[in-house]
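Asks: Quick one: the structure is below, questions incoming.
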Amino acid sequence: MNAAPRNSTIDTTSDDTVAQLLRAAALASPAERAVLEDEIVRRHLGLVKRLVGRYVGRGADREDLIQVASFALVKAIRGFDHSKGEFVPFATVTILGEIKKHFRDACWGVRPPRRIQQLQAGIAKATEHCLQAEARTPGDADLAHDLGADVGEIREALSARSCFSPTSLDQPAHADGRPLGENLSVEESAFDFIENWVTIGPLCEQLDDDERELLRLRFVEDKTQQEIATLIGVSQMQVSRRLAALLQTLREGAEVDTAA
């Protein structure tokens with residue numbers, strides 16, 4: 001008699017799993033029950049690997065997913081009620097639920113809002129259904145129609161899929177091996193801004209309300225001198241002179257503070 005191939009998959013739909021589970025539940029010895037449960041786990045490792053295969057390449061380590069799915073299989077074994085149906089469908093639902101929970105709780109490199117996470121789950125389900133029913137990948141408009149969402153929301157959820165596995169700044173981006181991070185530039189240093197704010201902030205506190213309002217309109221609201229003149233009821237020339245005097249006062253105060 002020829003031995004079964006090492007990688008063959010056991011037919012878990014017609015085995016005696018339910019009978020084994022009933023025997024395990026009836027055993028008084030925890031050690032004997034554990035031995036029988038371990039045997040059931042081994043017989044269903046093929047199911048675990050098939051279900052994990054659906055999620056490989058989505059940003060989670062395959063071995064981590066197998067571990068999560070294996071624990072879920074044990075959970076299914078211990079929580080199975082034979083009066084509610086067959087074991088394999090029950091185990092499948094339990095395993096898939098734990099895998100999705102693992103993605104939700106442990107696999108986000110950058111966690112998007114809950115609505116985006118929920119929409120991503122809906123997109124995955126709708127895409128799988130379309131592939132099975134029509135043998136094609138649905139477009140953004142199709143997904144929006146199926147999920148009752150805007151196309152913009154669909155695109156936002158799709159663009160956030162990389163949150164599971166953000167691109168590393170050390171990843172080579174060119175043929176010469178230069179990392180991606182070397183191509184990023186920052187136009188303004190945050191440290192320069194902080195230094196300027198620490199210097200100017202106390203000086204602004206010494207100004208009166210009208211002077212601070214004039215600075216706010218010009219440098220926060222980014223209004224022109226003519227727009228400011230119209231708002232406060234003076235000429236553009238007066239605004240220009242007052243701003244020049246204020247800035248000169250702040251410069252002199254900053255120089256004194258720095259020298260001290």
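Residue-by-condition table, conditions (1) of a type in the set (Asp, Glu); (2) at positive phi:
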{"position": "GLY57", "(1), (2)": "no, yes"}
{"position": "LEU65", "(1), (2)": "no, no"}
{"position": "VAL68", "(1), (2)": "no, no"}
{"position": "GLY79", "(1), (2)": "no, no"}
{"position": "HIS82", "(1), (2)": "no, no"}
{"position": "GLU86", "(1), (2)": "yes, no"}
{"position": "HIS102", "(1), (2)": "no, no"}
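Asks: For a quick check of your reading of the model, give me the residue pairs whose first member lies in the stretch 139-151 and is surrounded by 14 or more Cβ atoms within 10 Å (Cβ to Cβ), whose second is basic (Lys, Arg) and assigned to a helix (DSSP H, G or I), with beta-carbon atoms closer than 8 Å and at least 6 apart or on different chains.
Replies: Close Cβ pairs satisfying both conditions: ASP140/ARG155.
Asks: Would you list the helices (runs of 4 or more DSSP H) that sit entirely within the stretch 97-196 and hold 1 or more residues that are within 15 Å of the chain's Cα centre (by Cα) and at pLDDT 70 or above?
Replies: 114-134, 151-159
Asks: Let me ask something else about it. Mind checking which residues of the stretch 20-40 are assigned to a helix (DSSP H, G or I), without any contact (Cβ under 8 Å) to a residue 40 or more places away in the chain, surrounded by fewer than 15 Cβ atoms within 10 Å (Cβ to Cβ) and of a type in the set (A, V, I, L, M, F, W, C)?
Replies: Passing the criteria: ALA25, ALA26, ALA31, ALA34, VAL35.
The values are calculated or read from the model by the stated rules, or taken from the named source; none is laboratory data. This one's a predicted model, so the numbers in the text were calculated from it and none came from an experiment. Here Cβ is always computed from backbone atoms with ideal geometry, including for glycine, and neighbour counts include all displayed protein chains.
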